[in-house]
Amino acid sequence: RFFCGTWSKHRALAPLTPLEAIALDWILEHPEYHTDLESVDDALAAQYPPEGGRGNPFLHLSMHLSISEQISIDQPPGIRAAYQALAQQRDSLHDAAHDVMDCLGEMLWRAQRDRMPPDGDAYIECVRRRTRR
């Protein structure tokens, strides 16, 4: 509902909240998702099974939003510097965000698999390793 509402407000030239403005920046980076954001009812009914070969645009945008928030408050400590180094190396904030997203997904998967809290240090190290590639 949030992403569909943000897209609708943008298209209507309505004012956005600060969080919606950040979300819109990522929505605009992903024109392939614009159709998915047209209808709240269709979005709520949509399924994105792995065998369908298409990722969930709402999960993807949510991860972008989470990473933006992490970077803005530097939590876990060091994520901002690691992201900035990666963005400079990649010469793209968006490509760097996708690399960070891979690391975030891996950290969350490991935490769930191991039934442990997320390991922020491992997350930061994953991002740093990508910078060294």
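The values are calculated or read from the model by the stated rules, or taken from the named source; none is laboratory data. For clarity, every value in this text was computed on a predicted model and none was experimentally measured. With ideal geometry, Cβ positions are generated from the backbone for all residues, glycine too; neighbour counts draw on all protein chains shown. The protein model used for the area step is the full one, side chains on, heavy atoms only, and it has no ligands, DNA or RNA in it. Shrake-Rupley method; radii C 1.70, N 1.55, O 1.52, S 1.80 Å.
Computed from phi, the 3J(HN,Hα) profile of the stretch 48-61 under the Karplus parametrisation 6.51, -1.76, 1.60 (θ = phi - 60°) reads 10, x, x, 5, x, x, 10, x, 7, x, 6, 5, 4, 5 Hz, with x in place of Gly and Pro. When Rg and the Kirkwood radius Rh are both evaluated on Cα atoms of the chain, their ratio Rg/Rh stands at 0.99. Phi angles of the stretch 69-75 translate, via the Karplus equation with coefficients 6.51, -1.76, 1.60 and θ = phi - 60°, into HN-Hα couplings of 5, 4, 5, 5, 10, 6, 10 Hz per residue; Gly and Pro are given as x. Rolled with a 1.4 Å probe across the full set of protein chains, the surface gives Thr17 an accessible area near 60 Å². Here the dipole of the chain is about 340 debye; that uses its Cα centre as origin and unit charges on the Cβ of Lys and Arg (positive) and Asp and Glu (negative). Between the stretch 91-105 and the stretch 54-86, what's the alpha-carbon centroid distance in Å? Measuring centre to centre over Cα atoms gives 7 Å.
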